[in-house]
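Taking it in order: structure first as structure tokens, then the write-up.
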Amino acid sequence: MSLTPISGRFPAESRPKVTTATLREQKLRHEPITCLTAYDYATARLVDEAGIDVVLVGDSLAQAMLGYENTLTVTMDEMLHHVKAVRRGVKSALLIADMPYGAYQVDPKTAVANAMRFVKEGGAEAVKVEGGEKRADVIRQIIDAEIPVAGHIGLTPQSVNVMGGYKVQGKSLNGIEQLMRDAVALDRAGVACLYLEGIPREVAAMITNEVSTPTIGIGAGPECDGQVLVFHDIMNLTFGPPAKFVRRYGDAAALIMKSVQEFRADVKSRQYPSDEESYHLPKETKASLETVLARKRAMAR
Ligand code: KIV
């Protein structure tokens with residue numbers, strides 16, 4: 001099988017480095033911000049070379065990469081392992097690492113120390129923290145330590161047990177007021193961008209108009225300053241029905257299944273490897289080997 005060369009790449013040399021300042025400029029000129037998750041070197045390289053602005057090592061890797069039930073069990077060390085791999089693949093995009101559950105809720109000192117690990121050991125350029133106004137203080141302290149922070153409000157998956165499931169937030173007047181307070185508090189705290197997850201389009205539009213920080217939506221409608229999706233969702237690498245907002249852009253599951261089944265069949269039928277796919281002895285060594293073997297056979301007779 002011959003492989004098609006991958007087209008449409010933006011090699012690192014051909015585009016400027018995306019920084020948190022770039023995101024603000026994009027908001028001001030109404031240029032949509034693109035963000036995808038990546039959890040490994042190869043995906044990170046492809047996503048970066050495709051021209052995506054922000055690569056997020058989301059704690060969604062708990063389910064997508066590690067097969068956990070939810071995001072609550074993934075640890076700092078597991079996250080860091082993936083952040084380091086992604087760092088090696090990303091050249092131009094802004095690299096954000098997601099603070100896992102337990103990494104910032106205990107006390108601000110631990111939160112700053114954990115955020116620093118992502119920067120010093122993982123090479124992240126910003127960290128993401130879930131939660132609204134109640135997180136403003138810890139977010140300020142991380143920013144004080146020279147680490148940009150991405151906020152994340154609405155349907156925050158680390159609060160699944162408190163929310164009683166993965167439910168769209170901000171559907172009541174009280175809910176909308178709370179979301180507005182959350183967004184304004186994080187904007188004032190100085191977040192570099194604000195992820196809006198699982199909230200009505202109308203509410204996301206109000207927040208996007210209200211705050212100076214760029215908003216990046218997932219299940220939050222088209223008025224956000226940017227959009228993020230989980231790479232495994234857009235490539236059909238998740239098992240189970242997709243959420244309403246997921247659009248499939250490829251079917252990697254089908255491609256992997258077909259390729260693996262073909263490999264299996266080729267090995268079983270001895271069609272793989274072929275002679276061209278095998279290494280050969282140099283002519284002289286082959287001739288000498290044949291002489292040695294012939295001598296051995298003659299002596300054995
Ligand atoms: O973990 C994640 O992938 C996220 C995005 C969906 C925003 O938090």
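Here's the yes/no breakdown for (1) surrounded by fewer than 21 Cβ atoms within 10 Å (Cβ to Cβ); (2) in contact with a Pro (Cβ under 8 Å, 6 or more places away or on another chain); (3) assigned by TED's automatic domain parsing to the domain that holds residue 20; (4) not polar (S, T, N, Q):
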position	(1), (2), (3), (4)
49	no, yes, yes, yes
52	no, no, yes, yes
61	no, no, yes, yes
73	yes, no, yes, no
82	no, no, yes, yes
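Select from region 201-245 the residues that are under 14 Å from residue 35 (Cα atoms), part of a loop (DSSP other than H, G, I, E, B) and within 16 Å of the chain's Cα centre (by Cα) and list them in ascending order.
230
Would you be able to tell me the number of residues in region 74-87 that are within 14 Å of the ligand (Cβ to nearest atom), touching a residue at least 24 places away in the same chain (Cβ under 8 Å) and either more than 20 Å from residue 150 (Cβ to Cβ) or more than 12 Å from the chain's Cα centre (by Cα) (or both)?
So the answer is 1.
Only one of these is away from the ligand (no atom under 12 Å from the Cβ) and surrounded by 16 or more Cβ atoms within 10 Å (Cβ to Cβ): 176, 153, 96. Name it.
Exactly one of 176, 153, 96 is away from the ligand (no atom under 12 Å from the Cβ) and surrounded by 16 or more Cβ atoms within 10 Å (Cβ to Cβ), namely 176.
Which of the residues that make up region 209-218 are surrounded by fewer than 23 Cβ atoms within 10 Å (Cβ to Cβ) and more than 15 Å from residue 20 (Cβ to Cβ)?
209, 210
Looking only at region 100-120, decide whether some residue is among the acidic types (Asp, Glu), in the same structural domain as residue 189 (by TED's automatic domain parsing) and either under 30 Å from residue 176 (Cβ atoms) or within 15 Å of the ligand (Cβ to nearest atom) (or both).
The answer is no; no qualifying residue exists.
Scan 138, 191 and give me the residue that is surrounded by 23 or more Cβ atoms within 10 Å (Cβ to Cβ) and either within 16 Å of the ligand (Cβ to nearest atom) or polar (S, T, N, Q) (or both).
191
The values are calculated or read from the model by the stated rules, or taken from the named source; none is laboratory data. Bear in mind the structure is a predicted one, so any value in this text is a computation, not a measurement. Here the Cβ is made from the backbone with ideal geometry for all residues, glycine too, and neighbour counts use every protein chain on show.
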